[in-house]
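Shown next, in structure tokens, is the structure this report addresses.
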Amino acid sequence: MRRKHPSVVIILIAIFSLARSAGAQSSPGPKDGKWILAWSDEFNGPRGSAVDSAKWVSEVGGGGWGNQELEYYTNRVQNAYQQDGSLAIKAIAEKYTGEDGTTRQYTSARLKTKGKFTQTFGRFEARIKVPRGQGMWPAFWMLGDDIEKVGWPGCGEIDIMENIGKEPSTIHGSIHGPGYTGTVGIEAPYNLPGKKPFADDFHMYAVEWEPKAVRFYVDNDLYVSRTPKDLQAGQKWVFDHPFFLLLNLAVGGDWPGNPDATTVFPQTMLVDYVRVYRRGGDK
């Protein structure tokens, strides 16, 4: 076999590495040809514009959201806007009084697709750069669309990604349902090698959801699978009906704890895209 000149080899390796990097940045989703894109938001609107109201609903309020959170979620463009091909959800330290008369010292945003888009089963993914700092609590998650009928946790909850600022190198994926909520939820952590903070870069977070399984991924790395076998006797598997998506950035709460003197504001959660796929028919 004829040997290549060392400089040619080096150049080829460099080109290959750049190509791999570019491919990972531009299209890190599924490659097996069995997934069909069903819904997405690439957040390519004008800089500073509001999110697409045909796809997202802003939840508003400052009642703690069942977690003793400290922020007031608004529908203002200051807290959720499009910026250079990403969604920015910004937590701001400011005194704010909502129309309900509730006053909080922080504002942020919580977006959902309820009433706009739901899906049963498939692949749900987003490429996100989380914020950093004590008391920060970004999340990408899902709730059953029957929540108004059966309530929570009977509707089911899938937390695709949660991060709390005091654990900068760890994200959590979990499922919640009747009898397995809160501290007894079925949860698994994922840690970046070398204790590298997730806030340093974008990462892809996804679940692949089937009738009897929910698989959790970070950057296409499968780190845990959940099935009805994970439930205890008497617990019900409630992941068999349509779910909607949520993105939010909470401040404080009973899990992350409150911001302290080390926390810098504002903090921003950046979302490059959200994509939902359905399984294509095998031929």
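Nothing in this text is a laboratory measurement; each read-out follows from the coordinates by a stated rule. On a predicted model such as this, the values are computed, not experimentally measured, just so you know. Here Cβ is always computed from backbone atoms with ideal geometry, including for glycine, and neighbour counts include all displayed protein chains.
Can you tell me what percent of all Cα-Cα pairs in the chain are more than 25 Å apart? Roughly 49 percent, rounded to a whole number. The value obtained for the range 80-220, namely the Cα convex hull volume divided by the number of residues, is 156 Å³ per residue. Computed extension length for T170-W255: 29.2 nm, one decimal, from 0.36 nm per residue of separation with the Cα-Cα distance subtracted. The count of lysine pairs in the range 144-252 with alpha-carbon distances below 29 Å, taking only pairs 8 or more places apart or on different chains, stands at 7. A Förster radius of 41 Å combined with the Cβ-Cβ distance from Q78 to D240 puts the calculated FRET efficiency at roughly 0.55. Each of the peptides 131-140, 183-192 was scored by the mean count of other Cβ atoms within 10 Å over its residues; in descending order, highest first, they stand as 131-140, 183-192.
The stretch between D52 and E210 holds 54.0 nm of extra length on full extension. This uses 0.36 nm per residue minus the Cα-Cα distance.
Annotation: extensible slack from W152 through T103 equals 15.0 nm (criterion: 0.36 nm per residue apart, minus Cα-Cα distance).
Compute, for the chain, the length of the dipole vector about the Cα centre, with Cβ point charges of +1 (Lys, Arg) and -1 (Asp, Glu) only. Units Debye, rounded to 20.
Details: 33 positive and 32 negative charges, 250 e Å.
Charge dipole, the chain, about its Cα centre: 1200 debye, nearest 20.
Shown in residue order for the range 233-244 are the 3J(HN,Hα) couplings computed by the Karplus curve 6.51 cos²θ - 1.76 cosθ + 1.60 at θ = phi - 60°: 4, x, 7, 10, 7, 10, 10, 9, 8, x, 10, 10 Hz (x for Gly and Pro).
Rg over Rh of the range 126-197, using C-alpha atoms and the Kirkwood radius, what does it come to? It would help to have the intermediate numbers written out before the result.
Details: Rg = 13.6 Å, Rh = 13.2 Å.
The Rg/Rh ratio comes out at 1.03.
Taking the longest Cα principal axis of the chain as reference, the axis of helix 6-26 is set at about 30 degrees. Here the contact order of the chain, divided by its residue count and restricted to Cα pairs under 8 Å and six or more residues apart, works out to 27 percent.
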